Amino acid sequence: MDQPKRRDKAATRAKLLDAARLRFARQGYDGTGVREIAADAGVDPALVFRYFGSKERLHEEAVRVEIPAGLTDDPARPLTHITDALLHDVVFAERFAGEHPLVAMLRSAGHPAARDQLRTQICEGYLPGFAERMSGENPALRAEMVGALLLGMGVMRSLLGSPALGDASFEETSALVARLVTALSS
């Protein structure tokens, strides 16, 4: 007698995340349905709720731009090292099935929960660590300007496909960003 096929929970969860990343990147939050994601992953839609609880929580996990943990914890770490890490992860991030993770977040920014997630991740995630390293007046504003610089570069490179930034190497871009960040930090 054949034994029932066992489901690999980790593999199913990963397939759902992959399908969600692609759908959210291409269609945004409001344009994507749970049934579509499940169909793309080849599973029953009920598994989305079993593994993630809701479409909103699936979206939250699927489009998170991974910022290295503890990036700003060490006060001795130079600001340029932090911006290099963020430049790599935000601007030069690996694409998922041809789509940059930042694009998925931006396409979903019209949805209040998605917008709150993006703001929380950026404004409460790494910007306070930037502000702590800024000398002079209004460090929070200057830290947000660094964040805007990096996000804007990510949009220019990934969404708009700007030719010069798209062709520039990480090293070349890093050197120029370091000059800008140094000017803003003092």
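The values are calculated or read from the model by the stated rules, or taken from the named source; none is laboratory data. Because the structure is predicted, anything quoted here is derived from the model rather than measured. When we count neighbours, we look across all protein chains shown, and the Cβ atoms used for this are built from the backbone with ideal geometry, even at glycine. Side chains included, ligands, DNA and RNA excluded: accessible areas come from the protein's heavy atoms. Shrake-Rupley method; radii C 1.70, N 1.55, O 1.52, S 1.80 Å.
Values as computed for the structure displayed
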| item | result |
| --- | --- |
| Residue among S174, P163, L106 farthest towards the positive dipole end of the chain, charges placed on Cβ | L106 |
| The chain: relative contact order as a whole-number percent, Cα under 8 Å and 6+ apart | 23 percent |
| Percent accessible area from carbon and sulfur atoms, the stretch 87-184, protein chains only, probe 1.4 Å | 60 percent |
| The chain: calculated mean residue ellipticity at 222 nm from DSSP helix runs of at least 4, using -39500 (n - 2.57) | -17000 deg cm²/dmol |
| Radius, Kirkwood style, for the chain when every pair of distinct Cα atoms is counted (Å) | 18.0 Å |
